[in-house]
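What follows is a set of notes on a single structure, which appears directly below.
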Amino acid sequence: MSDALVNKEYQEFLEVAAARCRSEEELATVQKAFDFACEAHRDSALGSGEPYILHPLRVAMIAVSSVGLGYKSMCAALLHDIPEHTDYSVEDLRPLFGDKIAQLVEGLAQMRNILDSSPAPLSPEGSEEDQQAENFKRILLTMGDDVRVVLIKLADRLDNCRHLDAYPQVKADKVLAEVKGIFIPLSHRLGLYAVKSEMENIWLKYKQPESYHEIESRIDRDVAQRSRDIDEFIEPITSALEAMGLRFEIKKRIKTPYSIWHKMRTKHVSFEQIYDLYAVRIIFESDDRNPAAERKTAIDIYTTITAMYADKPNRLRNWIRQPKPNGYEALHCTVMSKAGIWVEVQIRSRRMDDIAEKGIAAHWAYKQDGYLSENDSQVDRWLEKVQEIITSGDIQSLDLLDMIQDEIATKAIVVFTPKGEQRDIPKDSTALDFAYSVHTDIGNQAIAAKVNMKLAPLSRKLRNGDQVEIITARRSAPKPEWLSFLQTRHARRRVLDYLRTAGEDQLRRGEEILRNREGASGQEIPIRISLFGNNRPGLMEEIEIALRQIDGIEDVVTCEI
């Protein structure tokens with residue numbers, strides 16, 4: 001039975017690998033890697049009792065089918081556990097498979113060491129968050145060598161998630177903590193939507209099982225009732241697009257349990273109040289891969305759909321004109337069906353869909369094929385920026401993680417520096433948030449801003465396309481009042497770090513500012529602090545830890561200090 005299972009999964013993998021490989025020689029190398037790994041792991045078994053080779057085989061399948069990697073990455077995925085679980089070393093692989101595949105396997109071994117080690121805490125009483133953030137930083141640093149190492153590791157961790165029941169509880173908890181703190185942010189920033197969504201749902205299933213099963217049950221019941229309505233919604237769209245002579249496919253999508261849970265939790269809405277539960281994705285073919293032609297086709301489809309169904313004007317999202325920082329391009333609109341339900345319509349070309357599903361790997365594949373979009377270098381710039389930030393040493397690990405989490409939690413807008421350089425920042429960011437995104441010193445010394453050449457306060461919320469200049473003064477310093485309008489975790493943490501060293505008086509003023517924010521919720525903030533006790537070190541730590549968790553007034557009212 002075991003041999004039959006291995007053979008079945010190998011044949012499925014081989015079919016996908018053959019379609020991805022560009023020559024018989026590449027496919028032969030992949031087959032050679034499988035044969036080598038199969039023999040090396042012959043006497044090993046997984047925690048489930050299945051043959052060990054199934055794990056690297058499944059990782060390779062994810063690497064090619066979900067991430068879109070090529071033959072060298074497939075080989076590295078098949079061989080990634082060889083150095084740890086067999087008597088072979090990376091040097092044994094080098095003459096058989098070449099330097100590049102050996103380097104990928106070595107990089108994966110180094111990443112395993114990062115995750116298995118316990119880095120020195122960033123503070124005398126370093127938390128698990130500190131350690132996860134430090135691991136996150138060290139993993140990002142490895143991307144400078146070859147980003148494929150990180151992409152293969154994402155495939156590895158996704159397979160771990162799919163088979164968590166076979167792990168001891170301690171190991172499963174460690175995997176889930178790394179998924180939430182490291183791999184979900186990474187998959188988001190690298191544009192791997194499918195991988196990110198699956199990891200999020202698995203995390204919710206194991207960490208919030210009651211919520212997960214309740215939401216899943218609600219989805220099943222709702223879909224059973226609405227399935228015919230969605231089909232009837234799609235029918236006239238299909239006829240109209242066929243009449244336009246387009247080649248296309250239409251997919252139905254249901255919002256994921258994690259997305260629903262997160263929206264219910266952060267927006268304080270019920271399941272019934274989530275109006276974008278359903279989405280229809282239209283993927284059209286574009287022969288000439290011309291950005292202007294793609295944009296025109298997307299707009300034509302949008303015009304056709306909104307002529308049939310009433311649209312919700314404030315829900316139009318044009319990420320073709322201005323793609324997301326992770327490379328995502330699409331045109332979204334929300335329209336009212338004849339059955340009286342809101343349906344989100346996502347319009348993408350085939351290229352856009354590949355990049356949306358497979359992220360950075362698809363981005364580079366199209367780049368190598370000679371296709372250049374206006375967004376072509378955006379992901380490359382982000383990778384370069386990460387390397388520059390980390391190697392400069394002027395940012396702490398937690399700050400780096402905050403910057404990525406800010407991107408996940410909110411939608412992005414684009415603003416420009418006085419020199420015309422583009423910067424992506426979270427929606428609703430203020431001029432001061434922007435200042436801190438440039439450099440801590442600029443934020444700390446900020447006194448005012450110029451937005452579109454006009455003087456503005458640091459609290460000014462920025463809009464898409466604003467040009468921003470920060471005015472600084474050497475003697476200026478962060479003020480507790482800033483906490484009342486800062487929006488991003490990164491900026492708030494930098495201010496709190498400064499206030500923590502500035503003395504007890506400023507911390508007390510910071511507490512007062514946070515109390516004043518209670519008006520947004522109409523609830524009293526239960527802060528219990530003795531500022532005049534003799535426990536100053538403990539007091540400072542309590543304040544810092546509690547304030548780190550604060551995203552808005554909703555967090556304040558649930559935070560016990």
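The values are calculated or read from the model by the stated rules, or taken from the named source; none is laboratory data. In this text the structure is predicted, and so the values were computed from the model without any measurement. Note that each Cβ is placed from the backbone with ideal geometry, even for glycine, and that neighbours are counted across all protein chains shown.
From the list Lys263, Lys296, the one residue that fits, being more than 14 Å from Ser349 (Cα to Cα), out of contact with any Ser or Thr (no Cβ under 6 Å at 6 or more places or on another chain) and not aromatic (Phe, Trp, Tyr), is Lys263.
Residues in region 203-242 that are over 22 Å from Tyr275 (Cα atoms) and surrounded by 19 or more Cβ atoms within 10 Å (Cβ to Cβ): Trp203, Leu241. Scanning region 410-434 for residues that are over 22 Å from Arg321 (Cβ atoms), hydrophobic (A, V, I, L, M, F, W, C) and touching a residue at least 40 places away in the same chain (Cβ under 8 Å) yields a single hit, Leu432. In this structure, does Lys196 turn out to be out of contact with any Lys or Arg (no Cβ under 8 Å at 6 or more places or on another chain), closer than 18 Å to Val67 by Cβ and basic (Lys, Arg)? Here the answer is yes, as Lys196 does meet what is asked.
In region 277-317, the residue that is surrounded by the fewest Cβ atoms within 10 Å (Cβ to Cβ) out of those that are of a type in the set (D, E, K, R) and part of a helix (DSSP H, G or I) is Lys296.
Scanning region 250-288 for residues that are aromatic (Phe, Trp, Tyr) and within 25 Å of Thr306 (Cβ to Cβ), we see that the one that is nearest to the chain's Cα centre (by Cα) is Tyr278.
Please state which one of Ala4, Ala28 is closer than 20 Å to His163 by Cα and free of Cβ contacts under 8 Å to residues at least 40 places away in the same chain. Show your work before the answer.
Working: Ala28 fails: closer than 20 Å to His163 by Cα.
Result: Ala4 is the single residue among Ala4, Ala28 that is closer than 20 Å to His163 by Cα and free of Cβ contacts under 8 Å to residues at least 40 places away in the same chain.
Criterion applied to Val170, Val147, Val179 was being free of Cβ contacts under 8 Å to residues at least 60 places away in the same chain and touching a helix residue (DSSP H, G or I) at 6+ places or on another chain (Cβ under 8 Å), and the one residue passing it is Val179.
Can you pull out the residues in region 148-189 that are of a type in the set (Gly, Ala, Ser) and more than 17 Å from the chain's Cα centre (by Cα)? If the condition is that a residue be of a type in the set (Gly, Ala, Ser) and more than 17 Å from the chain's Cα centre (by Cα), then Ala166, Ala172 are the ones that fit. If you go through region 195-202 one residue at a time, do you hit one that is more than 20 Å from the chain's Cα centre (by Cα) and either crowded, with 17+ Cβ neighbours inside 10 Å or closer than 23 Å to Arg317 by Cβ (or both)? Checked region 195-202: no residue is more than 20 Å from the chain's Cα centre (by Cα) and either crowded, with 17+ Cβ neighbours inside 10 Å or closer than 23 Å to Arg317 by Cβ (or both). Among residues of region 317-340 being free of Cβ contacts under 8 Å to residues at least 24 places away in the same chain and within 22 Å of the chain's Cα centre (by Cα), the one that is nearest to Phe233 (Cα to Cα) is His332.
Test Ile320 against the stated conditions and say whether it is at pLDDT 90 or above, aliphatic (A, V, I, L, M) and either assigned by TED's automatic domain parsing to the domain that holds Glu249 or in a loop (DSSP other than H, G, I, E, B) (or both). Answer is no for this residue.
Restricting to helices (runs of 4 or more DSSP H) lying wholly in region 1-116: which have 2 or more residues that are over 30 Å from Asp353 (Cβ atoms)?
Because the criterion is at least 2 residues that are over 30 Å from Asp353 (Cβ atoms), the helices (runs of 4 or more DSSP H) in region 1-116 that meet it are 2-20, 24-40, 82-85, 90-97, 99-116.
In region 204-221, the residues that are in contact (Cβ under 8 Å) with a residue 12 or more places away in the chain reach residues that are exposed (fewer than 14 other Cβ atoms within 10 Å of the Cβ) and of a type in the set (Lys, Arg) with C-beta atoms within less than 9 angstrom, at least six apart or across chains, in these pairs: Ser211/Arg265. Filtered by the rule that a residue be assigned to a strand (DSSP E or B) and under 12 Å from Leu277 (Cα atoms), region 329-347 gives Thr334, Trp342, Val343, Glu344, Val345. With respect to the conditions (1) modelled with pLDDT of 95 or more; (2) of a type in the set (A, V, I, L, M); (3) in contact with a Leu (Cβ under 7 Å, 6 or more places away or on another chain), Ile53 falls short on a single one, namely (3). Per this entry, Glu272 is counted among residues that are without any contact (Cβ under 8 Å) to a residue 24 or more places away in the chain, assigned by TED's automatic domain parsing to the domain that holds Ala339 and surrounded by fewer than 13 Cβ atoms within 10 Å (Cβ to Cβ).
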